[in-house]
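Data first, discussion second: the structure below is written as structure tokens.
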Amino acid sequence: SMSLPQQLRDESDFDQLPDNIPVTATIADIEEKKGFIVYYRFVIEVKTKGNSKYLIYRRYRQFFALHQNLELKYSAEAQLGYYTCQLPTLPGKVFMGNKKEIAESRIPELNTYMKRLLCLPTWVLLDDLIRMFFYQTESDSQQVPRALRRLRPPTRKVKTVKPKTDLLSAPRAEAVFDFSGSGRLELSLKAGDVIFLLRRVNADWLEGTVRDKTGIFPESFVNIIKPLPESDTNEEGGASKSGNRAQSSYSCLRCYLLQPEGIDTRDICVEEDLSIQPSYKDLLSQMRGVFQVEDIALNYRDPEGDLIRILDDEDVALMVQESKQTGSKVKRPVNQFPWELLVTHAKDLTVYNTEY
């Protein structure tokens, strides 16, 4: 069967398509995600034949995978079957440059790509590959467009606020866990510290003062002794009122740099689910950035307490797996990963227990 040019697509074919088939898809925005690596994803508005509209969130690598799969199935080179069609071209991978600019520059190209894709013959539109790509998954439907939710909000210029003279009535919290802030804006806490609360920043972060330092910290690390008055709660922090604390938008990773002169501890908060198994490459680049050391090795402690070196994704999987067995014994914040990374200088082999 020969496929007609799109413009001549048989109307009766189109009429028989189900209502949930996507007809147009346009990029409405790009959005930065601070995962283990910072990446951008495209917020795409999809309209269906039945006139419904929804948003989906896709990374460039998802477009790339879709295109590769379609080529395997439909390009003339791939197979000499009856069903071949002229696929649109996808902008290629870019390996260097500013990620935000790359994402911005791809918007018109990806819009054209989706437009041409959705004009292909109806039997291609019915393909599961295309339907799944444009389908609104459960996680798509739970996303709040970013204007409404920022992970780590820009902290305003900090006014040094002297705690009110009446300390007992001042809003305050007690640190239940140590928190080693990794950015300039973050406040480091020691378990037992009393923090005077200045304001709620969003559903997960508070701003406060401890030992004359002011900064922001995750609420999950502290126990609120006296809450802030409701009026100091930002609108976006509304989540706290409903008491829905479980739906945290970020998770914290405890990591250590082991050096002869001592241990440097950091807590890195990322917009990732606790169950995620990051790739070795992403963890390596994140740790290089955190500790500002290029030549490093990643390690974890096995249940026996020995330091095990991580060399690839399979090792990461093993670490995550083992942490499920040992992790439950340790008390930690609800949104802290059950595994921890121990970073060493790549050439320092003294850290490994080599006595047998």
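Below, the figures for the structure above:
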item: Whichever residue in region 203-222 is open to solvent by 10 Å² or more (accessible area, probe 1.4 Å) and touching a helix residue (DSSP H, G or I) at 6+ places or on another chain (Cβ under 7 Å) and, among such residues, is nearest to Asp264 (Cα to Cα); result: Asp204
item: Criterion (open to solvent by 80 Å² or more (accessible area, probe 1.4 Å), of a type outside the set (Val, Ile, Thr), at pLDDT 80 or above and within 21 Å of Glu272 (Cα to Cα)) met by exactly one of Leu341, Leu318; result: Leu318
item: Selection status of Cys269, outside any helix (DSSP H, G or I) and under 30 Å from Glu230 (Cα atoms); result: yes
item: Residue count, region 31-64 (criterion: among the hydrophobic types (A, V, I, L, M, F, W, C), surrounded by 16 or more Cβ atoms within 10 Å (Cβ to Cβ) and modelled with pLDDT of 90 or more); result: 6
item: Options Leu253, Leu258, Leu298, Leu284: the member that is over 22 Å from Val330 (Cα atoms), in contact with a strand residue (DSSP E or B) (Cβ under 9 Å, 6 or more places away or on another chain) and at pLDDT 90 or above; result: Leu284
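The values are calculated or read from the model by the stated rules, or taken from the named source; none is laboratory data. Model, not experiment: these values are computed from the prediction. Cβ coordinates were reconstructed from backbone atoms using ideal geometry, including for glycine residues, and neighbour counts include every protein chain displayed. Just so you know, the surface numbers come from the protein's heavy atoms only, side chains and all, with ligands and any DNA or RNA stripped out. Shrake-Rupley method; radii C 1.70, N 1.55, O 1.52, S 1.80 Å.
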